[in-house]
Every structure is written in structure tokens, then in C-alpha cells.
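Shown next, in C-alpha cells, is the structure this report addresses.
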Amino acid sequence: MSLTQKIELPTVTYEQPLGLFINNEFVKGEKGQTIDVINPATEEVITKVHEATKEDVDRAVKVARETYNKVWKDTTANERGRLLFKLADLIERDLLILASIESLDNGKSISMAKGDVAAVAGCIRYYAGWADKIHGKVVETDAHKFNYTKIEPIGVVGQIIPWNFPLLMFAWKIGPALATGNTVVLKTAEQTPLSALYAAKLVKEAGFPAGVLNVLSGYGKTAGQAIAEHMDIDKIAFTGSTGVGREILKASANSNLKKVTLELGGKSPNVVFADADIEAAIDWANFGVFFNHGQTCCAGTRIFVQETIYDKFIETFKAKAEKNAVGDPFHDKTFQGPQVSKVQFDRIMGYIDQGKECGAKLVCGGGRKGDKGYFIEPTIFADCKADMTIMKEEIFGPVAAIAKFKDIDDLVHMANDTSYGLAAGVHTKDLKTAITVADKLKAGTVWINQYNALHHALPFGGYKESGIGRELGKAALANYTQVKTVSINLEGHPSGW
Amino acid sequence: MSLPLQVELTAPNGLKYTQPVGLFINNEFVKAKNGGTLETIYPAEESVITSVYAAEKEDVDAAVEAARAAYENPNWSSIDPYERSRLMSKLADLVERDRHILGTIDAWDNGKPYSVAANEDVEEVIRLLRYYAGWADKLYGKTIDVGPQKLAYTLHQPVGVCGQIIPWNYPLLMAGWKLGPALATGNTIILKTAEQTPLSALYLGNLIKEAGFPPGVVNIISGYGKTAGAALASHDDVDKIAFTGSTMTGSIIMKAAAVNLKNITLETGGKSPNIVFADADIDQAVKWSHFGIMGNMGQVCSATSRIYVESSIYEDFIKRFKEHTKTLSVVDHPFSETCYQGPQVTKQQFDKIQQYIETGKSEGARLVAGGERVGEKGFFIEPTIFADVKDDMTISKEEIFGPVVVISSFETEKEVIKRANSSTYGLAASVFTENLKKAHRVAAKVHAGMVWINSSNDSHYAIPFGGVKQSGIGRELGDYALQAYTQVKAVHVNLGNDL
């Protein structure tokens, strides 16, 4: 099978790399296996990519280690930053190509995909700027000592990313890892391998030394597991489901205790107080749950509305949701494309069926849209109770569950009644309400009068079973560095000895 | 016929380019209101390069007005920090594109070797602008937890309209050092260049406009210290003044700034000590010591111009230093490939240095090498070495700012630290030793804003630069420079403390 394929899209025609990107070259997998890549809007096979198995992971790690030891460890911070800036420029140059690949592979609308790719360039530039600003400290303990800390890279890091924002997740991972001087073996999701492979081409063009970044397409159970268990990977970062997150933690414990950061699921509460700007709150609630077809870890999927505005809210929200344009990703006006795969589609429809049977009120949607492509109608359930499956489990689709609340105490109790803790939204005009509710919610990000407003400068991550560690902002640098304390004795003998 | 706003020039290396000569205000080059001009000289040939418009008080007022309006305009004051970062990165890209032009201008106007101007000075400007571009979106306030009744946070806001007065020894680089942190933190600027070297910053004005900075964010004026500089330092609508130059002028600036208590940072003179212990790597000590005083024609505020050599290696050091200087310090015009040392920047500087040399001879120091002019045209001086210099000699106490080094010997560590510290200056210091404890111990004891262990003048954009005592107030470079352009506002939100 070839290592590239020409692909023609409504927006661009381009060469798609298909191989495994190891040592700045695209190569076949050792076992010669491949993965079918499906277009979720048409259910057709777009192409096949080469599949990485354990042997290829071993190859990539070997290369990453050697490059770290011989080249990257001694590359100046200034140079690392310069290369990342160059990569961001190239991504911006090829924005339309990358956005088109995302729409094709993931199903998100072309306008959303362009937004993603712009955010990718911004994220990489942000971390490029950190490269030469990683400071240790000098700490005074007594007059005879000179003590300093040095912030060092960890070494070779493994990164496993999901399919919901393929290129953006790629940027969130490689940005801080490369800025801090690590080398990387990154596995994409088997559902969406294409954009990272094209980006890998740009990594070579930017001038990164061979072996600094290696990109593998592969399955979680084989390639992903091989990375999680590898004895020569110093750290693993994973974004995906809580279930798989647990497996990664176990694999680290069973191998070399590699450092682990996890970005997992959520069932985030989005709270609307009676004194909110209701029109705006509805727009944000709509965006909060239906953005990216509900395939967002921080989606505001449990919407809590204060009882005095409950009925009006639902009526207006229904009208809004029914107007969301569901259709062809390459159409300019599309808001919601297909779910990413048949597996996801079936899973979500299963939850919708449960919702219908459990006593919740189906306000709108609830079915497939059309008969080709994994499209689901924007679906709203109201009068939900805490023990319903659709209120407890992460659906990862365009399904909102609405419940009413009385006052702050009642609300805080219900909102925090979950094993997750990724994000939350609060809509209110009152200064004190906003701050005190934000204080009380157990969530890694609290959005006030907005939702899904991620920014590369703001730390993002979960409380409780939504994850370990924080991505984005300066906080992400801590995931990819270790602190060495150097203490120099300038005088004196050990006392009494 | 009055001076046009730009002139077509041909540099000594054949480069033809368009040199703006107006005052850069609101993204346009304009004439000085009273039509005043000043001439700038090519010090290698003592010939006039061109005239430029010279700002006086009325022009400073216009520039301040433009900077104030730009500061209050949302297209600068409310843009995303990410956008500020992009503008600065773009400027860095343009400086890189025009490296040859900018390097040529500085070599021509200042006299430094072209290869240094283009590959060191301009290169550092590019890296520094990118470095500060990277800070623009990483300027954090804090939240401070004092209990549930209060949300307390700090906002780090720009200082406002900043006056920046820069010297002639690194014309473009000094502009870069000043603009970088001021722009990253969101201020607007009036930059007054040195009257000896106005050209490269004016060219930079074109690039600032091309990069897309809104009008009035950066204003660049040529002018004299006594008129334009004084007007800027004493202006009551300027929020901050930053100055690099002599300690004497720094003191005048400080007094002028008192008029509206404007925020002030100063980078002034130095007579930095260089301590060479007997356990140093002598070969490296000689090479770095040479660079530490002979680089940039000795026109470096942080030059380690007083060398103290431990007595057991004293004569050997002097002999090696003399030989090394003879080999390396090739005096030639700036566009010659072999040039290490070009001319001094002006006749005034040249005369001043010659006078110090004469004083040194008459005070009884041992003249080991140099001491005379080179050639008959151009402000060239031989690299000059005085030994057996006593601490009370003028040449040991005063900043010469030329290729003149003074060397003396010492016996003990305690003695040399005392002698190194007995100066009103405190900018930098060098220490040469291979002994771990001695190195850190001496670094901690010496009165200096910067200490180089086993090197000299080995600066880096990410490492703070500045002096103690009369060498200055505040720090440039690194993230420390950001503090000079930021003010802290504490916000307390009362969440329940009711009376």
C-alpha cells in the first residue's frame, strides 16, 4: 500500500500522508496492517492508513530516546521556541487544507474546523513563547549554601489523543511537551488519524530534528497499550474516556511508574439563575451542549434552571435547538455534522432510548436525521432526576438533560452530585452569586455567562474522576518537567561528624 | 530648501537605501516644527552621512499627545494580548528581513564592525523582540486568598505613556531593549535616540508601521539631550521615563522626573572590576578579559575595565593580554572584513579618551601598549593597556568609555573584594577562578548587578541586566524588565463583610 494518497475535497485537493511518522520519515508498519478511515457524513471509506503495532511503538520510542540524548536535550530553549513558531506559521499557511481534513475525517462543519485550526496555531505559538522562559529558583536556606532548582524536561513522553478535536488535541499535547524539551511519541485516535499525519509533514518542514516528534496511527488496545506499558517512556498523557484512563493508570503502575496525566470525561452542570440574561443563557446552553455535536468532554450536558423561569426556558431553548442546522460538514451554514462513527452513533441512540423509557420528558429530537451518515437530531430531555442514566452517564452526543432547582444550596448539591468534575457554567447578573457559586462548584473550569470558552492561556482539567493534572496555560508545563534541586555547600563540615 | 523627509543614501559597502530623516510620530515622518536639524557623522572618515530633523519641546509635545491618544484608543488598549504578541513577532520578522540594511546603518553611524552590527546586534534585536512577544500574553496578576469574605486579585496594567532615552553605543539594540518590554506590557512610547546615532531607529519606524502597530503606539524622535531629552523627562503627561547613558545625565533626568513623580528607571555608567585569581584558566581569562574591555571599542557600560590580577600570575597575565590584544584588536574601518575595532563614535568621545590616556601617563601608570591615535583620519585609538595602576588614579576611578584597560595586582581575596567594591559604580563584575566555593562566594560579595564567572559581558536577553549604586535603578532584560513597565492594582471584592 502506498505512503500517500491524493484526496479531492470540495475545498482543496491535496496529498494525504498515510504512513507512520518516525524519525521525520513516513514508513509502513512492521506488520503491514492498515486501518480504514471512514467519512462519517457518507459512511464511506476515505482511505486506509498504516497501522502501528507494538513493534512500531518500540521503534518510535528508540528513535525518540536517541534523539533526546544526542540532539534535543542540548538544543537551546531559544531554538525550540523558534521551531515551534515556524510550525505555527506553516499550520496557518495550510489552514484550509488542515480544516478540510478535519471536516472530512471527524465530520465537524468546515467553519468549526477552521476555528479549530486557528486555535491550533494560537496554542502552538503560545507554547513557543514559553520555551525560553522556564525558570528555576534560587532559595536561601543559610549563609553557607548556594541552592538552586533547575526545571528539566522529563525525557521521552507518550501522548494518546482522542477523535473529537483531532488537530487541536494534537496541539494541546505537543505544544508544552516540545517547548519544555521532551521528545514525543504520539498516537492518534483510530477514528481520526489524518490531520496529525499532515501536520507531521509540517513538523519536518519547520526544521525539527528527526525523532523529536513521532506520530503513529493505531488502536488503543495494541499501540496505545504498548505506549502505556513501555519501560522506556518516562511520562504518558492521555485524553479520552474515564474507563480507558483507568487502564492507563494501571499500565503505568505495572510497568515503570511513568508519570501520568489524564483528561477524561464529564457530565458538566450548566446553571441558569432567574436573574440571568435569559436570551443569552439559552444561546450559551445551546452552544454548551450541542457544540461539536455534543462530542466535547466539558459539554454542559446537565442544565439546571431555576424554577421560576423553568417553563419559559424550556420552550425557548426548544425553539433554538430545533433551528440548529444539521447537515453536510462542507456546507458553510452547518452547525452540527454527523457523529464520528457508527459505534458512537449506536451508543448515543441507546442513551436516547433509555431517556425515553425512564420517565424524562422528551422536548425535541430523539431520532436519527436522514438515512445516510451518523446524524442525530438535537435532543432535549426535561424534568430529569439525578438517578436517571441520562443524568449520570456521559452520552457524548447532542443530548441535553434539564432539571429544575430552587436555590443556591439545592443547586450546589445537585450539580456536585456526580463522580465527574470537569467544567460548569453559571448564568446570573449578580456579582456575589457568580463568585460564591463558582467557589462551591467542584469543577476544574467554571464559566460565568458563557460556555465552552476554552483558551490556550487558561488551565483546563478535571476534579474527581474527570482527570489528573491540568492542560493549557502555564500549568501544562509542570506536566512535562521535573524539578532538580542543586544544593552547593560553600563552607563547613557536617556538624559533630 | 528645507530637508526632505527621506534621503537616498549609498553606504560605504555600496548598499543603496532610503533613509527616513523626519520625526516618526503617529506612524508618519514629519518635519520638526521649527525646522531644526542635526548632522550625523561617519566616524571612520569624519564625514557627514546626512542631516536629520531634530525635535524640540514643541515636537516632544506632539509626540506625547500622539502617544497618549494611542494609549487610550481601544485598538491598542483593548486588543487581545495575543494580538500584541503577533505584532511584535511580525516586527521581529521584518527586522530579520532587513538585517543587512540595519546592520549597515549601525556600522556607518556608530563605527562598529559591520559583521558585529548585522550578526550580533541585529540578531539580538530579533531574538529579544520574539522573547518579549512571547511574554505579551503571559502577564499574570494573582488571586490572594484571605478568606471567604473577599475575592482579592491583582491586575498588572501598563504604566501608560513612556519616554525612553537611549544612547549611541548600540543604537538599534538599545532601541530593542527599550521597546520590547514596554510594548509587551501594553504601553505607548516616545523613543528619543542619541544625537550621535539617530539613523537605525528611524529606519525601524518604517518597520513598525509595516508590522501593523496602530499610529502613535511607537514614536521615534531624533534630538539633543538638553532640549528634546529634557522636555521628555519633565513632561507632565509622560507616566514613565527610562534612560540609558551617563550617570551625570541620569541624575539630571531623575530631578526632571520629579515634576510629576513619574516612574523612573536608569541604566548608567560603570567601572566594573574583573578579578583574576591564580587558579583561573589563564588562557580563557585573558581572552574574556580582552573581550570585556576591547569589545565595541570599549564603549560598553558594563565593560570590565579594571582588572585585578592575583600577584603570582600578574606579569604573565599582562604579557599574554598584550599579545592577545595585538593579534585580535585589528583597528580598521567598519566595513573591512578584518575589522575588530572601529573608530570611536565622535570627536568628543575621541578627545575625552585621549585626555584620559594622557592623565594615565602623567599619573605614573605603566603604559604597556597603545596610547596613540591610529592614522590621521577617523577617530581611531590604539587599544591601550595600563598596568601598575593604583586605586586612587583617575584612570582607575572614572569611566573612560574607550579601549583603555587598567590592570593592577592583589594579594588576597578579602583585599580584592574590598578594592573592587570601592567604587561609586556597581554595574558588573567578572571573576576568574576554577574553584567552586570561591566562585560563588566572591559572586555573592561583590557589589554589582551582574557577575560573570569565567566570562565577561556574556549577556543574554533572558537574564536581567542592570546596576547597583550609581550604576542605575531597575533592571532591563529577562522578565524583570516587565516590572518596570507595569503597575499593580489590587482589587478587593467584598463578598460578605457587612457593617
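The values are calculated or read from the model by the stated rules, or taken from the named source; none is laboratory data. These numbers come from a predicted model, not from an experiment. Cβ sites come from the backbone with ideal geometry, for glycine too, and all protein chains shown count toward neighbours. The area values use the complete protein model at the heavy-atom level, side chains included, leaving out ligands, DNA and RNA. Shrake-Rupley method; radii C 1.70, N 1.55, O 1.52, S 1.80 Å.
Key figures for this structure:
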{"item": "Mean projection area, nm², convex hull over Cα of chain B", "result": "25.7"}
{"item": "Cα Rg, Dmax, the protein assembly as shown, angstrom units", "result": "32.7, 106"}
{"item": "Shape of chain A, Cα gyration tensor, a/c cut at 1.5", "result": "oblate"}
{"item": "FRET efficiency, B:SER77 to B:ARG373 (Cβ-Cβ, R0 45 Å, nearest 0.05)", "result": "0.25"}
{"item": "Links that overshoot a 19 Å alpha carbon limit, given the list B:LYS352/B:LYS377; A:LYS318/A:LYS361; B:LYS397/B:LYS469; A:LYS235/A:LYS464; A:LYS320/A:LYS369", "result": "A:LYS235/A:LYS464"}
{"item": "Residue among A:GLY129, B:ALA443, A:ILE395 farthest towards the positive dipole end of the protein assembly as shown, charges placed on Cβ", "result": "A:ILE395"}
{"item": "Probe 1.4 Å, all protein chains present, accessible-area order of B:GLU83, A:GLU315, largest first", "result": "A:GLU315, B:GLU83"}
{"item": "Segment A:ASP74-A:HIS455, length gained on full extension (0.36 nm per residue, minus Cα span)", "result": "134.0 nm"}
{"item": "Whole-angstrom gap from segment B:156-218 to segment A:84-143, using each part's C-alpha centre", "result": "29"}
{"item": "Amide N of segment B:251-269 lying under 16 Å from the label point, which is placed 7 angstrom from the Cα of B:ASP61 along Cα→Cβ", "result": "none"}
{"item": "Inter-chain shielding of A:125-133 (mean C-beta neighbours from other protein chains, 10 Å cut-off)", "result": "5"}
{"item": "Residues whose placed amide H lies under 5 Å from that of A:ILE488, excluding near-sequence neighbours", "result": "A:PHE146, A:ASN147, A:TYR148"}
{"item": "Simple spin-label estimate for A:SER111 and A:ASP232 in nanometres, 7 Å along Cα-Cβ", "result": "4.9"}
{"item": "Charge context of A:ASN479, other residues only, Cβ under 9 angstrom, K/R +1, D/E -1", "result": "+2"}
{"item": "Cross-link partners of A:LYS173 among aspartates and glutamates (Cα-Cα below 12 Å; sequence separation of 8 or more within a chain)", "result": "A:GLU263, A:GLU471"}
{"item": "Charge sum, other residues only, whose C-beta stays under 11 Å from A:ALA424's C-beta, Lys/Arg counted +1 and Asp/Glu -1", "result": "+4"}
{"item": "Simple label model, 7 Å out from Cα along Cβ direction - B:ASP498 to B:ALA443, nm", "result": "5.8"}
{"item": "For B:147-159, mean number of other protein chain Cβ atoms within 10 Å", "result": "1"}
{"item": "Under 5 Å, built H, 5+ apart or other chain: amide partners of B:TRP452", "result": "B:ALA429, B:SER430, B:VAL431"}
{"item": "Per-bin percent of Cα-Cα distances, segment B:52-97 [5 Å]", "result": "5, 18, 13, 16, 18, 19, 10, 1"}
{"item": "Pairs from B:LYS255/B:LYS390; A:LYS6/A:LYS31; A:LYS474/B:LYS150; A:LYS259/B:LYS90; B:LYS112/B:LYS438 whose Cα-Cα separation, in the structure shown, is over 29 Å", "result": "B:LYS255/B:LYS390; A:LYS259/B:LYS90; B:LYS112/B:LYS438"}
{"item": "For segment A:10-15, Karplus couplings with θ = phi - 60° (6.51, -1.76, 1.60), whole Hz, Gly/Pro x", "result": "x, 9, 8, 10, 8, 9"}
{"item": "J(HN,Hα) series, segment B:156-170, from Karplus relation 6.51 cos²θ - 1.76 cosθ + 1.60, nearest Hz, glycine and proline x", "result": "9, 10, x, 6, x, 8, 10, x, 10, 10, 10, x, 9, 6, 9"}
{"item": "Neighbourhood charge, 12 Å Cβ-Cβ cut-off, centred on B:LYS240 and excluding it, Lys, Arg +1 and Asp, Glu -1", "result": "0"}
{"item": "Carbon + sulfur, % of accessible area of chain B - ligands and nucleic acids excluded, 1.4 Å", "result": "52"}
{"item": "In segment A:410-497, GluC sites (Glu not before Pro) in a DSSP loop with at most 10 other beta-carbon atoms within 10 Å", "result": "A:GLU491"}
{"item": "Using θ = phi - 60° and Karplus 6.51 cos²θ - 1.76 cosθ + 1.60, couplings along segment B:464-480 (whole Hz; Gly, Pro as x)", "result": "x, 9, x, x, 9, 6, 8, 8, x, 10, x, 10, 9, 6, x, 7, 5"}
{"item": "Dipole of segment A:269-448, positive direction: furthest Cα of A:ALA319, A:ILE303, A:GLY373, with charges on the beta-carbon", "result": "A:GLY373"}
{"item": "Chain pair A, B: total accessible area buried, heavy atoms, 1.4 Å probe, Å²", "result": "2000"}
{"item": "DSSP-assigned coil residues among chymotrypsin sites (Phe, Trp or Tyr not before Pro) in segment A:189-294, each with at most 16 further Cβ atoms within 10 Å", "result": "A:TYR219"}
{"item": "Charge-dipole axis of chain A as Lys and Arg at +1 and Asp and Glu at -1 on Cβ define it, positive-most pick from A:SER466, A:SER103, A:ILE348", "result": "A:SER466"}
{"item": "Crossing angle, helix A:77-93 versus chain A [Cα axis fit, 0-90 degrees, rounded to tens]", "result": "40"}
{"item": "Label zone at A:VAL138 (point 7 Å along Cα-to-Cβ), backbone N below 17 Å, segment B:422-445", "result": "B:426-433, B:436-445"}
{"item": "Accessible area expressed per residue, segment A:269-448, with surrounding protein chains retained (probe 1.4 Å, Å²)", "result": "41"}
{"item": "Rg and Dmax of segment A:269-448, Cα atoms only, in Å", "result": "15.6, 49"}
